[in-house]
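**Q** My questions all concern the structure below.
The values are calculated or read from the model by the stated rules, or taken from the named source; none is laboratory data. Only a predicted model underlies this, so the values are computations on that prediction, with no experimental measurement involved. Here Cβ is always computed from backbone atoms with ideal geometry, including for glycine, and neighbour counts include all displayed protein chains.
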Amino acid sequence: MSGNQKLFHWADQTAEKIIRERGDLDIYTCASGITPSGTVHIGNFREIISVDLVVRALRDRGKKVRFIYSWDDYDVFRKVPMNMPEQEILEKHLRFPIMMVPDTTGRDSSYARHHEVDVESQLPRVGINPEYLYQAQRYRSNMYAEGIKTALQNREKIKDCLNRYRDDAHKIPDDEEYWPTAGFCCKCNKDTTEMLSYDGEYGIEYKCISCGHTEKADLRTSKEIKLGWRVDWPMRWQFEKTVFEPAGKDHHSQGGSFDTARLVSEEIYNWPAPVTFRYDFIGIKGLPGKMSSSKGEVISLPDVLNVYTPEICRYLFAGTRPNTEFAISFDLDVMKTYEDYDKTERIAWGVDKAKNEDVYIKERRIYELSQVDGMPSMMPYQVVGGFRHLCNMLQTNSGDIDAVIDTLGDVKPEQETSFRTRCACAWYWITECAPEEFRFALVNPKSEDYKKADLTDEQILAIKKIVSDVLPKMDDLEEKPLSEAVYAIAGECEIEPKVLFNALYQALIGKEQGPRLAGFMKVIGKKRLLAILGKY
């Protein structure tokens, strides 16, 4: 990496800040995590990929990095989501730890594991491979006994940390006993417990409000005691030696959970809070048809990867500062996103000249960080005419990718895999997301239900002249001369060009308008045009 690049991309700037503030370390631990309480949506993914981009920037500087992703599967199951089956079974497990809730789809060992697998199976597709930490397993194996003990021995100090940013109405009262711990009852598994006493070392007593059970737990052997969120977070920073972790703007509000966690981390656990930044929310523009009903309008990573290639999925995030809100589009703006990425790609490969050296360095860095597994061996294939033209080619060939590749004729073997992925995404978008006016299908004159278009005598005469005068020489004409030839036929037949175009579209696709005509005719090819237009 050239020395200049660190100035141009936010991931490089963050990496530099981490090194500057933490010095030269043997290993830099970067963290992310979430509670697997439901489908992990694309907004949650923003945190994962934001960390991945910083991890890559650190590694590009020759640093050894540990990228951990925590599944907070020892959190409470609070709400039954609408998109899971057997709702009544799930309702019986409310207030249980998530890892004890059954997977009602029957696919995985628990409800938590179901949502974990959904993410873990997909992240490698976009080049993200963190080390997964399962917090239920860590708590229940007593890994955090010392951390919990430290919190219990410093209850008053933690209470002060939590109160420091609160106004009087929200402070924990001086006379109210504060407990940094919570417990899942060892008899009924619910979190409806209240702490009764602490012996100053490893012994803590609690009572369950739901079933009435009272238990004396030992932090070194009991499985059911854990820390509350605002103390658990900083305890883990110290335990894992975390130096970087971003958080959403809800956690990063002034006096919010990150601010109080920073106090607890520094004053109770003697560990400086990690370098951080705030990431913003993500909007969705133009919901795909099938998605809204099946997922309750939750858009997940696989939903995005149906429409966008893995590189473009990464590009959406690599090309946007984390604290900037943006929308992922599933409507006609999909074409613009592909075209923006292709422009960046052409600049990165030196095919297009950037405005200046700074723009080149920035665009190339965004492109590098968008790749799943490093720079490809050659520039990926781009269709002349862009994504819109590719969509027209696919629709003309009923989604047959082999036919599109044959028509193009110059896709190299090294480019074929990525190009096929792009074609598959384009076809999914056309069939599942694109507005109806964008879609078309070429008529098949050999099909049983084929009917000729209802055209005027003048229109039919003009089509006959196209067949006799234009199609024979079509292969020798570029797009512009072909267009001029069609206009000339309209002039000869004394009809408006628009009327002729309308007739051709009706004959070819059964619609009154379609893709730019001359280019569309070149895509269809002389043989198929003769088969269709020859019927008139």
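**Q** Does segment 423-437 contain any residue that is touching a helix residue (DSSP H, G or I) at 6+ places or on another chain (Cβ under 9 Å) and not in a helix (DSSP H, G or I)?
**A** yes
**Q** Let me ask another. Tell me, which residue of segment 495-536 that is part of a loop (DSSP other than H, G, I, E, B) and free of Cβ contacts under 8 Å to residues at least 12 places away in the same chain is nearest to Cys391 (Cα to Cα)?
**A** Of everything passing the filter in segment 495-536, Arg516 is nearest to Cys391 (Cα to Cα).
**Q** Could you tell me whether any residue of segment 209-216 is touching a residue at least 40 places away in the same chain (Cβ under 8 Å), crowded, with 18+ Cβ neighbours inside 10 Å and touching a Ser or Thr at 6+ places or on another chain (Cβ under 9 Å)?
**A** No.
**Q** A further question follows. Return the only residue of Tyr202, Tyr279, Tyr206 being crowded, with 16+ Cβ neighbours inside 10 Å, over 29 Å from Phe67 (Cβ atoms) and in contact (Cβ under 8 Å) with a residue 24 or more places away in the chain.
**A** The unique qualifying residue is Tyr202.
**Q** Starting from residues that are among the hydroxyl-bearing types (Ser, Thr, Tyr) and at pLDDT 90 or above, keep the ones in segment 294-308 and report whichever is nearest to Ser329 (Cα to Cα).
**A** The qualifying residue nearest to Ser329 (Cα to Cα) is Tyr308.
**Q** Of (1) at pLDDT 95 or above; (2) assigned to a loop (DSSP other than H, G, I, E, B); (3) surrounded by fewer than 20 Cβ atoms within 10 Å (Cβ to Cβ), Tyr74 satisfies all except one. Which?
**A** (3)
**Q** Still on this model: What number of residues within segment 14-38 are closer than 30 Å to Val117 by Cβ and loosely packed, with under 15 Cβ neighbours inside 10 Å?
**A** 1
**Q** Let me ask something else about it. If you check Asp250 against the conditions, is it acidic (Asp, Glu), assigned to a loop (DSSP other than H, G, I, E, B) and surrounded by 19 or more Cβ atoms within 10 Å (Cβ to Cβ)?
**A** In short, no.
**Q** Here are some residues: Ile466, Ile430. Which one is among the β-branched types (Val, Ile, Thr), in contact (Cβ under 8 Å) with a residue 24 or more places away in the chain and within 12 Å of Leu533 (Cα to Cα)?
**A** Of Ile466, Ile430, the one residue that is among the β-branched types (Val, Ile, Thr), in contact (Cβ under 8 Å) with a residue 24 or more places away in the chain and within 12 Å of Leu533 (Cα to Cα) is Ile466.
**Q** Let me spell it out: the conditions are (1) within 18 Å of Ala11 (Cβ to Cβ); (2) in a loop (DSSP other than H, G, I, E, B); (3) at pLDDT 95 or above, and Ile366 meets all of them except one. Which number is the exception?
**A** Status for Ile366: all satisfied but (2).
**Q** Here's something else I'd like to know. Being over 23 Å from Ile49 (Cα atoms), without any contact (Cβ under 8 Å) to a residue 24 or more places away in the chain and under 25 Å from the mean Cα position of the chain (by Cα) is the filter here; which residues of segment 337-390 pass it?
**A** Ile347
**Q** Can you tell me how many residues within segment 438-474 are under 30 Å from Val307 (Cβ atoms), assigned to a helix (DSSP H, G or I) and of a type in the set (D, E, K, R)?
**A** 0
**Q** Starting from residues that are modelled with pLDDT under 95 and of a type in the set (D, E, K, R), keep the ones in segment 407-438 and report whichever is surrounded by the fewest Cβ atoms within 10 Å (Cβ to Cβ).
**A** Only one residue fits best here, namely Glu436.
**Q** Just the residues that are without any contact (Cβ under 8 Å) to a residue 60 or more places away in the chain and of a type in the set (Ser, Thr, Tyr), please, taken from segment 112-165.
**A** Ser121, Ser141
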